[in-house]
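Working notes, structure below.
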Amino acid sequence: MSDYRFIGAPVERLEGREKVSGAAQFVDDVEFGPNVHYAWVVESPHAHALIRGIDTSHAQGMPGVVAVFTGKDFAGLHFGLYMKDRFVLAADRVRFVGEQVAVVVARSPAAAQAAAAAVWVDYEPLPAVFDQMEALKDDGVRVHPELGNYEHVPWFFPKAGTNIAHWRKIRRGDAAQGFADADVVVDGVFTVPRYAHCAIEPHGAVALFDQSGRLTVWTASQSPHTQRNLFAETLAPLGLTHHDVRVITPYVGGGFGGKAGVTMEILAATLATKLRGKPVKLCWSREQEFYNTYQRLGLRSELRMGVKRDGAITALSHTLYWDAGAYVEYGANVVNAVGLSATGPYRIPHVVIDSLCIYTNLPPGGPYRGFGYSEFLFGLESMVDKASHAIGMDPVAFRRHNAIREGDVLAYGASMNPNGLLEAIDRVAEEIKWGEKEPPSSSTALVGKGFSLLWKAPAMPPNASSTAFLKFNEDGSINILISAMEIGQGVLTAMAQIAAEVLTVPPHKIRVETPDTDRNPYEWQTVASHITWSTGNAVRRAALDAREQIFAVAERALHIPQESLYLEDETLKCRTRPDFCLALRSFVISGIQTEDGTYRGGPIVGRGMFMPEYASAVSDPETGQGGHPNVHYTVGAAALTLEVDRQTGKMRVRKVVEALDAGKAINPRMVKAQIEGGLVQGLATVLYEDMRFDEHGRLANPNFTDYKIPTAMDIPDEIVPIIVEVPQPDGPFGARGIGEHPMLPAAPMVANALEDALGVRLTSMPLTAEKVALAVMEKEARHGQTA
Amino acid sequence: MTTITFMLNGERRSIAVEPWEILLDVVRDRLGIKSPKAGCNRGDCGTCTVLLDGRSVRSCLILAVEVDGHEITTLEGIAADGLTALQEAFLANDSFQCGFCAPGMIVTATELLRDTPHPTEGQIKEALAGNLCRCTGYRPIIEAVQSLGRRCHE
Amino acid sequence: MAIVHQFSYARPSTVVEVLSLLALHGERATIMAGGTDVVVHLKEGRLVPECVIDVKDLAGFRRIAVSDDRLEIAAGVTFSDILCSPEVRDGFPLIAESAATVASTGIRNRATLAGNLCSAVPSLDCGPAVLVHDAHVHLASARGERNVSIHQWFTGPKQTARRPDELVVSVTVPRPQRRHAGCYVKLGRYRGEDLAQAGVAVMALEDKTYRVAFCALGPIPARAHTIEELLAGRELDEETLTRAKAAVDGEIAPISDIRASQAYRRHMAALMLERGLLEAARRLRGEPPAMALLGG
């Protein structure tokens, strides 16, 4: 189809050998020698309390203890990505169970842990609020009385004196008219609990503030430059500048959004500044990983949808109440992103969206693969089925009828990018054999099918950018320097393929490594599925820059017109001189020798940058109209065949199909791997994962014993990934991101399949076997009564 | 302190340990063998898997003193002479993404293939069920192990 | 994650040495075999012993002995040892079937049946199987030896009849005198490793008597005698099954916890009994075991 050599090729992962041999270094594997110091935090047992006093005297005197710090030591140090509402150590108030109130630094982990238990904190417990609807009440608990004073990005609209940290409003058309035009109006209320990322590597950070005043922090992070920026900003009162701060990120053992931004790393960085010359290591336990990084936000969504009998959606009202937790510095942008996109990939003329970011006394909510889209799609795509049933139309035909097209006006007024949504719908429907009934494997089982569309845009500041340096070596091999993080998605390989395509140097001769902010150029963060597109563009431009330098030096040295030059198989060739052939390795470092013995050129170093210059977050706060907050959407469709035992509620996914429009799959093998892995992660949030809090706001299952993530025995019988390729005009070779998208449709397609099989509509996630069995019992009891 | 002596990846090692020191911590922090990882520290995730006298175990649930006189093999020991066929199969099948679970997963699968050279899909899933992977969805891991079983057949 | 508490460690090679350490430290000693529970408890500070006594290397402690009338499993025998033993798999398949549901390979390679019985958690997977086999636990102390019937063994959640100075030496599993077949039906949140939300072991004997035991449906794993009496001598027809299911509520005392609600546990206990009885009867007729008895 294309004449690309490396783009679209199933190239093996560049870093594969390191990872399968055990050579790959993660942050906890980096050695710091015998002077390493270990930190352990003292955690709040209260969800909401004032700190009256802290007595560290006993802990200070314990064996091996080097120092104990409290909020007083770090007074005024607060931070946040989009809103500065978070503290390095709690100052006078704790807002969730597990929040760090003090920290012990000792010579061994055991000594630090023992001393932390001996720190005595005097709390004055306050009433706490764990439910976002409760938190909306006028007379209730205020989680952040100082909300009105917090710095935040200009596109947030906090309501001082309430628990509403941000309220994104979208108004398009005339909703009243839209509902009046409808033949049928359906409504529903849906709830989604909190979830944990469960990267297998817990967070860790080691910080060294050396004798010269330079701060280096090794972190397990998706966001090295954002971390450097926030460390420097937060520690500015101590006299630090960006120039003094360096972040190094070795391989990261899974991110899923949980290692985006800054959480516990700020503590390691700050501690180091108090312990000059001593490497301070802070590793989160699995328990802390669950309750003191970010959690996926909880959601209650209320929907109304108006439809005409001919199948057209006329109006949508979508209100989203987010349980965003005690600190929303990152989570509020999840709320914002969903507010912009809560129509789903549908053309709807009249839209009202309210997306409310609400503080509660639960752990901080934040980014999680999908950035809120999984949550709202559960309600929306359940409603789409409900609406199609209400007018007697096939749910897939209904989706196809209303599917958004290129050029359609989005809810906030911008226009939809080119996309392959219709192709995705058709290919999924065909592969899942939509409309065909399948027999169950036992007398108590039933089989249902469920369908869902999906879309998602990168959620990022309008000026988020990526850069790349590309340098040749003597043998014609290449090193690419970027600050996109390899978190498992295969970015190193994809970037090598992009450069390879431009420079004709095969990917296995290109090395791309994880970042060091002092050496690698700027990248906003590895989040939002924007790396392939954004960093890919930067790498492509760096490669083009290098190629231009190559052509230019050849012209200068050999007097061959640049326009006639091209690269092939690692050599420089000329269209007008078939005999001309110059190996890259012969000149990319040493230059080209001219007739008089002098040289032209020298080491070839390319540079590339990408920032979308058309994006803007400026819009009317009351309607959301006027800006261009999203660069583009990646769309897709998915369906599954579900067998369910109507007595036990036990479910088995017999087949699941998902088609994503990758624009151009740089490496189809890795795109398919994302789809397979993402679907399994998504299905787990539907079928059994669930964060449970007790009545005091304490997480009851901060471990894999009771927070169940899938094992090898819990995977669908068959997964069929489908790649659709409608190019993204400003993407590298047409590519756009697909990293988060695989898990988005999991919940609604299971809910829709359950209704298809059992006639029962579940509206509260997760859809466990227990809920299914009890719902069937309840339904049968109702029927028994009416019969 | 007790001095324990044990074989670590084929080399006799002696080290003084306290009774409460954990094998995983001793192997990683004091003996510098880094492939076993600390993922949960309570036996749930399998990233710390090593072979103890040839059987896969959770090194986070073993006191270092317990292995005195025994034999410990980590991924470094399994691959001492270069990547094994199983590791090559992991590469060919994309059986890892972030790579954090890979060492434990490969150690567990190595034990399976030694004891059961031609495992069924059910046996593979059962054997790997104690090693958590959040990235791949497991299918590529199962396929890598299966490909070895098939290779033995040929 | 480090262990903060400090203790001494002993790995005796004779039972006599263990008993003298137990006599010395009493309740301040912790006996450890596989350590899969003990080390977690040490890390979490739930166990703070003076001395940890490692009994893995005791002579004869890895022995599985099978005779005409019984199976004897020494206290150091791991679940993997049990699963690898052809004598257990062939002669006591219910013991093997329940052992296979305990955790995962890496745990089963260390964890022991005896240690599991000592943990005595309500969700004990091997509990129902040893209960329907009328097993005995053998204990030794400086005062002598004694046998405790498994029916007297579980005295409360995480509590057993073991006295602080006693060492579990072995577990004896009698071979039923009649031709029989059993099955263990486990309800977990998914197919992978999980603690039982509910468990039922059923043994069907050729004289149409049945033995039934539950776990995770009350404070301790326990036999369901009322159900057994009701079933005795009967064919498993619809009426009998209906009566047996109706009797389940009186035999169990489930709670709501993070793993399941009381309502679901009650609902499933009856279904699991029904499906377990039918499956045991099928196996008694020589039919191969069915997969995924509960679906999913």
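Applying a threshold of 8 Å to beta carbon distances and a minimum spacing of six or more residues, or different chains, the list of pairs starting in segment C:1-15 at a residue that is facing chain B (nearest Cβ under 9 Å) and ending at one that is at pLDDT below 95 and assigned to a loop (DSSP other than H, G, I, E, B) reads C:ARG11/C:LYS56; C:ARG11/C:ASP57. Inclusion of A:SER465 among residues that are polar (S, T, N, Q) and surrounded by fewer than 23 Cβ atoms within 10 Å (Cβ to Cβ) is warranted. Being within 20 Å of A:ILE719 (Cβ to Cβ), part of a loop (DSSP other than H, G, I, E, B) and in contact (Cβ under 8 Å) with a residue 12 or more places away in the chain is the filter here; which residues of segment B:86-130 pass it? Listed by number, the residues that qualify are B:ASN93, B:ASP94, B:SER95, B:PHE96, B:GLN97, B:CYS98, B:CYS101. Counting the residues of segment A:601-654 that are more than 14 Å from chain C (Cβ to nearest Cβ) and part of a loop (DSSP other than H, G, I, E, B) gives 25.
Residues that are modelled with pLDDT of 95 or more and either within 30 Å of A:PHE469 (Cα to Cα) or surrounded by fewer than 23 Cβ atoms within 10 Å (Cβ to Cβ) (or both) within segment A:620-645 comprise A:ASP620, A:PRO621, A:GLU622, A:THR623, A:GLN625, A:HIS628, A:PRO629, A:ASN630, A:VAL631, A:HIS632, A:TYR633, A:THR634, listed in sequence order.
For every residue, the table says whether it meets (1) of a type in the set (Lys, Arg); (2) buried (at least 16 other Cβ atoms within 10 Å of the Cβ); (3) away from every other protein chain (no Cβ under 14 Å).
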{"position": "A:ARG5", "(1), (2), (3)": "yes, no, yes"}
{"position": "A:VAL11", "(1), (2), (3)": "no, yes, no"}
{"position": "A:GLU18", "(1), (2), (3)": "no, no, no"}
{"position": "A:GLY22", "(1), (2), (3)": "no, yes, no"}
{"position": "A:ASP28", "(1), (2), (3)": "no, yes, no"}
{"position": "A:TRP40", "(1), (2), (3)": "no, yes, no"}
{"position": "A:ALA47", "(1), (2), (3)": "no, yes, yes"}
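I'm checking my understanding of the structure. Among residues of segment C:1-18 that are part of a loop (DSSP other than H, G, I, E, B) and of a type in the set (Val, Ile, Thr), which one is farthest from B:VAL67 (Cα to Cα)? Selected residue: C:VAL4. Within segment C:20-43, if we keep just the residues that are in a helix (DSSP H, G or I) and charged (D, E, K, R), the residue that is surrounded by the most Cβ atoms within 10 Å (Cβ to Cβ) turns out to be C:LYS43. Tell me, yes or no, whether segment B:129-146 has at least one residue that is more than 13 Å from chain C (Cβ to nearest Cβ) and within 15 Å of B:ASN9 (Cβ to Cβ). The answer is no; no qualifying residue exists.
If the condition is being under 22 Å from A:THR444 (Cβ atoms), of a type outside the set (Phe, Trp, Tyr) and within 11 Å of another protein chain (Cβ to nearest Cβ), then segment C:238-265 contributes C:ALA260, C:SER261, C:ALA263, C:ARG265. Being away from chain C (no Cβ under 14 Å), part of a helix (DSSP H, G or I) and either at pLDDT 95 or above or on the phi > 0 side of the Ramachandran plot (or both) is not true of A:GLU770. Consider only pairs whose beta carbons are under 7 Å apart and that are at least six residues apart or on different chains; among these, list those whose first residue lies in segment A:623-640 and is of a type in the set (Phe, Trp, Tyr) and whose second residue is part of a strand (DSSP E or B) and crowded, with 22+ Cβ neighbours inside 10 Å. Every condition considered, the pairs that remain are A:TYR633/A:TRP455; A:TYR633/A:LYS456. The set of residues from segment A:132-174 being over 30 Å from A:GLU233 (Cβ atoms) and out of contact with any strand residue (DSSP E or B) (no Cβ under 7 Å at 6 or more places or on another chain) comprises A:GLU134, A:LYS137, A:ASP138, A:ASP139, A:GLY140. Among the residues of segment A:204-215, are any within 14 Å of another protein chain (Cβ to nearest Cβ) and modelled with pLDDT of 95 or more? Yes, that holds for at least one residue.
If the condition is being within 19 Å of the chain's Cα centre (by Cα) and outside any strand (DSSP E or B), then segment A:429-468 contributes A:ALA457, A:PRO458, A:ALA459, A:MET460, A:PRO461, A:PRO462, A:ASN463, A:ALA464, A:SER465. Scanning segment A:549-574 for residues being assigned to a helix (DSSP H, G or I), aliphatic (A, V, I, L, M) and touching a strand residue (DSSP E or B) at 6+ places or on another chain (Cβ under 9 Å) gives a total of 5. Taking the criterion of being aromatic (Phe, Trp, Tyr) and out of contact with any His (no Cβ under 8 Å at 6 or more places or on another chain), the residues of segment A:607-644 that qualify are A:PHE610, A:TYR633.
Checking the condition out of contact with any helix residue (DSSP H, G or I) (no Cβ under 6 Å at 6 or more places or on another chain), more than 14 Å from chain B (Cβ to nearest Cβ), among the hydroxyl-bearing types (Ser, Thr, Tyr) and under 17 Å from A:GLY204 (Cβ atoms), which residue from A:TYR291, A:TYR251 passes? Sole residue among the options that is out of contact with any helix residue (DSSP H, G or I) (no Cβ under 6 Å at 6 or more places or on another chain), more than 14 Å from chain B (Cβ to nearest Cβ), among the hydroxyl-bearing types (Ser, Thr, Tyr) and under 17 Å from A:GLY204 (Cβ atoms): A:TYR291.
Scanning segment B:99-115 for residues that are touching a helix residue (DSSP H, G or I) at 6+ places or on another chain (Cβ under 8 Å) and within 7 Å of another protein chain (Cβ to nearest Cβ) gives B:GLY99, B:ALA102, B:PRO103, B:ILE106, B:THR108. Filter segment B:75-93 down to residues that are under 18 Å from B:LEU128 (Cβ atoms) and in contact with a strand residue (DSSP E or B) (Cβ under 9 Å, 6 or more places away or on another chain) and give me whichever is farthest from the other protein chains (Cβ to nearest Cβ). My answer is B:ILE78.
For segment A:681-699, what are the residues that are within 11 Å of chain C (Cβ to nearest Cβ), in a helix (DSSP H, G or I) and touching a residue at least 40 places away in the same chain (Cβ under 8 Å)? If the condition is that a residue be within 11 Å of chain C (Cβ to nearest Cβ), in a helix (DSSP H, G or I) and touching a residue at least 40 places away in the same chain (Cβ under 8 Å), then A:LEU683, A:LEU687 are the ones that fit.
None of A:PRO729, A:PRO716, A:PRO710, A:PRO702 is at pLDDT 95 or above and more than 14 Å from chain C (Cβ to nearest Cβ) except A:PRO729.
Against the condition in contact with an Asp or Glu (Cβ under 8 Å, 6 or more places away or on another chain), within 14 Å of another protein chain (Cβ to nearest Cβ) and of a type in the set (Lys, Arg), how does C:LYS56 come out, does it pass? Criteria met by C:LYS56.
A quick yes/no check of all residues on (1) within 14 Å of chain B (Cβ to nearest Cβ); (2) closer than 14 Å to C:PRO174 by Cα; (3) touching a strand residue (DSSP E or B) at 6+ places or on another chain (Cβ under 6 Å); (4) buried (at least 22 other Cβ atoms within 10 Å of the Cβ):
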site	(1), (2), (3), (4)
C:ALA65	no, yes, yes, no
C:ALA75	no, no, yes, yes
C:PRO86	no, no, no, no
C:ARG110	yes, no, yes, yes
C:VAL121	no, no, no, no
C:CYS126	no, no, no, yes
C:ALA135	no, yes, yes, yes
C:HIS138	no, yes, yes, no
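Within segment A:702-748, the set of residues being surrounded by fewer than 20 Cβ atoms within 10 Å (Cβ to Cβ) and within 30 Å of A:PRO45 (Cβ to Cβ) comprises A:ASN703, A:THR705, A:ASP706. Considering only residues of segment A:655-680 that are assigned to a helix (DSSP H, G or I) and among the basic types (Lys, Arg), which is farthest from A:PRO710 (Cα to Cα)? That would be A:ARG669.
Scanning segment B:24-36 turns up one or more residues that are within 23 Å of C:SER8 (Cβ to Cβ) and surrounded by fewer than 16 Cβ atoms within 10 Å (Cβ to Cβ).
The values are calculated or read from the model by the stated rules, or taken from the named source; none is laboratory data. Predicted model, so just to flag it, every value in this text is computed and none were measured. No Cβ is skipped: glycine too gets one built from the backbone with ideal geometry, and neighbour counts run over all protein chains shown.
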